[in-house]
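Colleague: There's a structure below that I have some questions on.
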Amino acid sequence: MPETVFDRKPANSEATHASWTNAREGSFWLVGVDVQIGDHAGPTGGSVDLVVVGAGFTGLWTAIRAKERTPDRSVLVINMDSGVGMRASGQNGGFLEASLTHGRLNGETRFPHEIDRLDDLGRQNLDGIEATVSRYGWDCDFERPGTLLVATEPHQLEWCEGDEVLDQDQVRRVLNSPTFVGGAIERTDSALVHPGKMVAEMLRTARELGVEFMVGRVTRVVNSGDTVTVLMESGDGIVAGRVALATNVFPSVLRRFRWHVVPVYDHVLMTEPLTPEQWESIGWDGREGVSDMGNQFHYYRRTMDGRILWGGYDAAYTPGADPDRTRFANNPAVFQLLAEHFFVTFPQLEGLKFTHRWSGAIDTCSRFSVFFGSARRGRVAYAAGYTGLGVAATRFAADTMLDMLDGADTERTRLRMVRSLPIPFPPEPFRYPLISIVKWSMRRADRNEGRRNLLLRTLDALGLGFDS
Ligand SMILES: Cc1cc2nc3c(=O)[nH]c(=O)nc-3n(C[C@H](O)[C@H](O)[C@H](O)COP(=O)(O)OP(=O)(O)OC[C@H]3O[C@@H](n4cnc5c(N)ncnc54)[C@H](O)[C@@H]3O)c2cc1C
């Protein structure tokens, strides 16, 4: 099979290995931020108007938007971790994309009749996040420097679309890598954030709005007359008017949705701060969020304190339903591969060290975008399936769940995207081999000028797929 640039090895293999082996394990974003929920035995009143299960971005947005929409509604967030945002919401790249559908192309394929509307709603959603950050004065490094897409293989040049299309010299003037052969800049439809600071600020604001928080694992939600009861692993039960399930990649409290999401592990490295000379050697004054264009792709960005986050490429599916029990988390082979790709991309940074390394589970569904469910006579709503693009879409999902729980007929609840479900994945023992062969096919397409084999073309035609 022909090579891609990422099949090459960096000049100094010892330095590459040494660059990441002493890196601290755990998300850089969660160091030094206060996300702790603290002790709280349960709701202060007898029953609660709205229980939110899960305190990542989806749960936090749902709680905040619920209070903003109806201030006198009592809201309790129950989270199984001791802090908010300790899973994907505190582990991600911090890229906010306006697209609700994992890109225009994916949305056009799956929702051709409403893609323009979905794109508008996505832009409104991103603007809504920016307005919220500014209204509450969230200190979360929010910035809108645009996105740089880079082609590292000639066949990717025809995919370069955006506000500015760049040839090889132009793209290397924006960000200097010998691997870039072209690129494109998209100026308006994205933003960057410090995810750890953002979840900490969301916790602060939610509390100021009167939201209560509690640590515990929810196991079931059952009907009880005109209300529902949220059953906890501890044996306690909490009576609630409405329940929003924001549990992402974790096994759904509603069993019927357990086949719709598979956990896919994505790895990330964070460098030490670069010196002024190192920054000069690569440029990047525009601070754009960057992504390369293969089926297997890297995402990378600057931080406010002068580091580079470098993640993606080799996402691995975890057999079994529980993402907590995985042999694919923090895989040394993947960190080594990521470090090799980093120094192939930026050979001028040889000697730079990574200070943090981590991995997180992505809630992959077969259509690559959030889906919704409801149960218990409309008193329970569920949202999951962001497939690696949930930092911004979680706010849209929160509003949609609240519409559903309020019984409101809105533009959102009428969307086909909201009313339809992705095709579920097959059970094991078929799932793992199927996903492995799809991954192999995607790797092969990257080495074969992007040409997709029969399996990928069939899955494309069926509207099925696998991505990080
Ligand atoms: C490495 C990585 C990089 C990513 N990069 C990006 C990116 O750059 N841009 C982007 O848009 N998206 C990215 N994503 C995806 C994005 O982070 C997620 O889509 C988003 O954070 C999902 O938020 P959430 O609140 O739904 O889930 P989570 O943050 O996973 O929160 C779920 C919460 O539910 C709780 N919970 C689960 N089950 C229960 C239960 N039974 N009882 C009580 N609590 C429960 C958990 O404790 C957790 O706090 C990335 C993801 C990963 C892992």
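Every number in this text was worked out from the coordinates using simple rules, so none of it is lab data. None of these values were measured; they are calculated from a predicted model. With ideal geometry, Cβ positions are generated from the backbone for all residues, glycine too; neighbour counts draw on all protein chains shown.
Colleague: Per DSSP H run of at least 4 residues, take -39500 (n - 2.57); add these up for the chain, divide by its residues and hand me the 222 nm value, nearest 500 deg cm²/dmol.
Modeller: That calculation yields -9000 deg cm²/dmol at 222 nm.
Colleague: Among the complete DSSP H segments of the chain, which ones combine at least 15 Å of alpha-carbon extent along their axis with a mean Kyte-Doolittle hydropathy of 1.0 or more?
Modeller: What comes out of the filter, once short or polar helices are dropped, is 332-345.
Colleague: How large is the Kirkwood hydrodynamic radius of segment 236-311, counting all unique pairs of alpha carbons, in Å?
Modeller: Over segment 236-311, the inverse of the mean reciprocal pair distance is 16.6 Å.
Colleague: Dividing the Cα radius of gyration by the Kirkwood radius, what Rg/Rh value follows for segment 205-261?
Modeller: Rounded to two decimals, Rg over Rh is 1.00.
Colleague: Provide the gained length on full extension for the span ASP7 to GLU428, in nm with one decimal, where the gain is 0.36 nm per separating residue minus the Cα-Cα distance.
Modeller: Taking 0.36 nm per residue and subtracting the Cα distance, the gain is 148.4 nm.
Colleague: Also, I was wondering about something else. Can you pull the Rg over Rh of segment 29-167, Cα-only, Kirkwood?
Modeller: Using Cα coordinates only, the ratio equals 1.05.
Colleague: Grab the Cα-Cα distance for LYS353 and ASP34, subtract it from 0.36 nm times how many residues apart they are, and report the gain in nm with one decimal.
Modeller: Taking LYS353 through ASP34 to full extension adds about 112.2 nm, to one decimal.
Colleague: Among CYS140, CYS365, rank each residue by its count of other Cβ atoms within 10 Å, from fewest to most, as a rough exposure measure.
Modeller: Fewest-to-most Cβ neighbours within 10 Å comes out as CYS140, CYS365.
Colleague: Sticking with the crude label model, points 7 Å out along Cα→Cβ, report the distance from ASN331 to ARG377 in nm, one decimal please.
Modeller: For the pair ASN331/ARG377, the computed spacing is 4.7 nm.
Colleague: Please work out the Cα convex hull volume for segment 163-291 and give it in Å³ per residue.
Modeller: Per residue, the Cα convex hull of segment 163-291 comes to 217 Å³.
Colleague: Whole number please: convex hull volume per residue, Cα atoms of segment 317-468, in Å³.
Modeller: 172 Å³
Colleague: How would GLU68, GLU161 line up from fewest to most surrounding beta-carbon atoms within 10 angstrom?
Modeller: In order of increasing Cβ crowding within 10 Å: GLU161, GLU68.
Colleague: Please report LEU148, LEU434, LEU245 as a ranked list, fewest other C-beta atoms within 10 angstrom at the top and most at the bottom.
Modeller: In increasing order of surrounding Cβ atoms, one gets LEU434, LEU148, LEU245.
Colleague: Could you work out the Rg to Rh ratio of the chain, with Rh taken as the Kirkwood radius (inverse of the mean 1/r over all Cα pairs)?
Modeller: In the chain, Rg relative to Rh is 0.96.
Colleague: Going through segment 195-236, which GluC sites (Glu not before Pro) have at most 16 other Cβ atoms within 10 Å and a DSSP loop state?
Modeller: Those satisfying the criteria are GLU233.
Colleague: To the nearest 0.05, how large is the calculated FRET efficiency for ASN453 and LEU157 if R₀ is 22 Å and r is the Cβ-Cβ distance?
Modeller: That pair, ASN453 with LEU157, gives E of 0.50.
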